[in-house]
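Peer 1: Structure in structure tokens, see below.
The values are calculated or read from the model by the stated rules, or taken from the named source; none is laboratory data. As the structure is a prediction and not an experimental result, all values here were calculated from the model. Quick reminder, even Gly has a Cβ in these numbers, built from the backbone with ideal geometry, and neighbours come from all protein chains shown. Just so you know, the surface numbers come from the protein's heavy atoms only, side chains and all, with ligands and any DNA or RNA stripped out. Shrake-Rupley method; radii C 1.70, N 1.55, O 1.52, S 1.80 Å.
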Amino acid sequence: MKLIMFDMDGTLIDTEALIVEHMTTTFETAGLPPPSPAQSRRVIGLSLPVAIARLLGTDVTPQAEQMAEDYRKHYRASLVQAEGREGLFPGAREALDLLKDWPEALLGIATGKGLNGVHRLTQLHGIADHFVTLQTPDHNPSKPHPGMMLRAMAETGADKADTVIIGDTTYDIEMGKAAGTKAIGVTWGHHDNDELLAAGADILVDSYADLPAAIKHVLD
């Protein structure tokens, strides 16, 4: 079996504007200068306490943990007005439907988003039944630690030679490489192409239309 793992924010789901907005609000509520949009985009993909700690220039501290909880509250409170602001990237649904029909394929998610958010978004977009394994910081270390990939392989019985992570950040690529799997970088997300290649991406894709062929290329 081929295990095909997807990052969410910046890869499947376009949540950049919401994340930047709520990171700004979180810092302002704490009485701190907010990070720039570019700085907030750089930490998308990390688990929330790690992302905030990085923006603070510290290790994960009680302050970072509290700010992470405040961020979650801001995000949850905004969901009533968030309709249309958490869309799938163009072509994502079609690619997922195609891959789900591959008899040898198992699909999974490895994300810095919490498990409740993963369930909400996969149900919102009608793709919950596409995925057989969901890996989040609720039960794994933050990317780029390989724990999410290792746990997904253990749950599904997939071999590392038959596993790939698809993501938009160096954290995704480094996680896959640390786990001994293949890694595909997507060029519509938060980190530059050169960074993805330097992190070890086996191949880059510019659209979801190119993804099935790229998966076959790296796993065959």
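Peer 1: At 1.4 Å probe size, with the rest of the protein present, what percent of the exposed accessible area of segment 80-220 is carbon and sulfur atoms? Don't skip to the answer; put the middle values down first.
Peer 2: Values: 3070 of 6140 Å².
Carbon and sulfur: 50 percent of the exposed surface of segment 80-220.
Peer 1: Run lengths n ≥ 4 of DSSP H only: what is the helix-derived mean residue ellipticity at 222 nm for the chain, with -39500 (n - 2.57) per run over all residues, to the nearest 500? Write down the numbers at each step before the final one.
Peer 2: Values: 10 runs with 101 residues, N = 220.
Helix contribution divided over all residues of the chain: -13500 deg cm²/dmol.
Peer 1: Hey, another quick one. Can you grab the distance from the C-alpha centre of segment 1-25 to the C-alpha centre of segment 155-220, Å, no decimals?
Peer 2: 15
Peer 1: Something else about it: What's the extension gain from D97 to S36 if we count 0.36 nm per residue and subtract their Cα-Cα distance?
Peer 2: Values: separation 61, 0.36 × 61 = 21.96 nm, distance 3.64 nm.
That works out to 18.3 nm of additional length.
Peer 1: Using a 7 Å offset from the Cα along the Cα-to-Cβ direction at both R85 and A17, what is the distance between the two label points in nm, to one decimal?
Peer 2: 0.8
Peer 1: Additional query: Given H placed 1.01 Å from N in the peptide plane, which residues other than close sequence neighbours of L107 have an amide H under 5 Å from its amide H?
Peer 2: I4, V132
Peer 1: Would you mind getting the accessible area per residue of the chain, heavy atoms of the protein chains only, 1.4 Å probe, in Å²?
Peer 2: Numbers: 9510 Å² over 220 residues.
So the chain comes to 43 Å² accessible per residue, rounded to a whole number.
Peer 1: Evaluate E = 1/(1 + (r/R0)^6) for R72 and Q123, where r is the Cβ-Cβ distance and R0 equals 22 Å; express this FRET efficiency to the nearest 0.05.
Peer 2: Working: r = 18 Å, r/R0 = 0.84.
Approximately 0.75, to the nearest 0.05.
Peer 1: Cross-link list K2/K216; K2/K160; K73/K113; K143/K216; K2/K182: which exceed 19 angstrom alpha carbon to alpha carbon?
Peer 2: Over 19 Å apart, Cα to Cα: K143/K216.
Peer 1: Let me ask something else about it. How many times 2.2 N^0.38 Å is the alpha carbon radius of gyration of segment 66-212? It would help to have the intermediate numbers written out before the result.
Peer 2: Values: Rg = 15.4 Å, N = 147, 2.2 N^0.38 = 14.7 Å.
It is 1.05.
Peer 1: Give the calculated FRET efficiency between V132 and D220 to the nearest 0.05, with a Förster radius of 30 Å applied to their Cβ-Cβ distance.
Peer 2: On the way: r = 21 Å, r/R0 = 0.71.
That gives a FRET efficiency of 0.90.
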